[in-house]
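Undergrad: Sending over a structure as structure tokens; questions will come in a sec.
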Amino acid sequence: MLPLKTVFGFSLPLQTDPFVERLQLACSGLSSIELYVHDGSQGEKLTTDQLLTQHTQKNAMEVWFCGPSAWAKILEKELRESLKGALFFRKEAFELR
């Protein structure tokens, strides 16, 4: 089984979000998960290029996205254009305020 790479993005300052440390601790003992944290307060943002660079299988990708729908649409469109193969893209059905 290939390693699962999990990318988790935050739009809140990492220093004040207690969930970040809990998530890092939970994932640290799981060899099949690589956690990447992006701090929105520092201008960091998950991009299509990052996903493609971190992904080892170039012919297929699975993405589970939770975040703003406009961002999800951009990521999905760019991934479909770049991969020209199988993309399993799921997103949460809600809008952040």
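No value in this document is a laboratory result; all are computed from the given coordinates. Just so it is clear, the model here is predicted, and its values are computed rather than measured.
Undergrad: If amide hydrogens are placed 1.01 Å from N in the peptide plane, which non-local residues have theirs closer than 5 Å to the one on D39?
TA: It is E44, by chain and number.
Undergrad: Per residue and in cubic angstrom, what volume does the convex hull of the Cα atoms of segment 39-85 have? Show your work: numbers first, answer last.
TA: Details: hull volume 3.8 nm³, N = 47.
Measuring per residue, one finds 81 Å³ for the Cα hull of segment 39-85.
Undergrad: Using amide H atoms built 1.01 Å from N in the peptide plane, name the residues 5+ places from F89, or on other chains, whose amide H lies under 5 Å from its own.
TA: V63
Undergrad: Enumerate the calculated ³J(HN,Hα) couplings along segment 39-51 in order (Karplus 6.51 cos²θ - 1.76 cosθ + 1.60, θ = phi - 60°), each rounded to whole Hz, writing x wherever the residue is Gly or Pro.
TA: Result, ordered by residue: 8, x, 5, 9, x, 7, 8, 5, 10, 4, 4, 4, 4 Hz.
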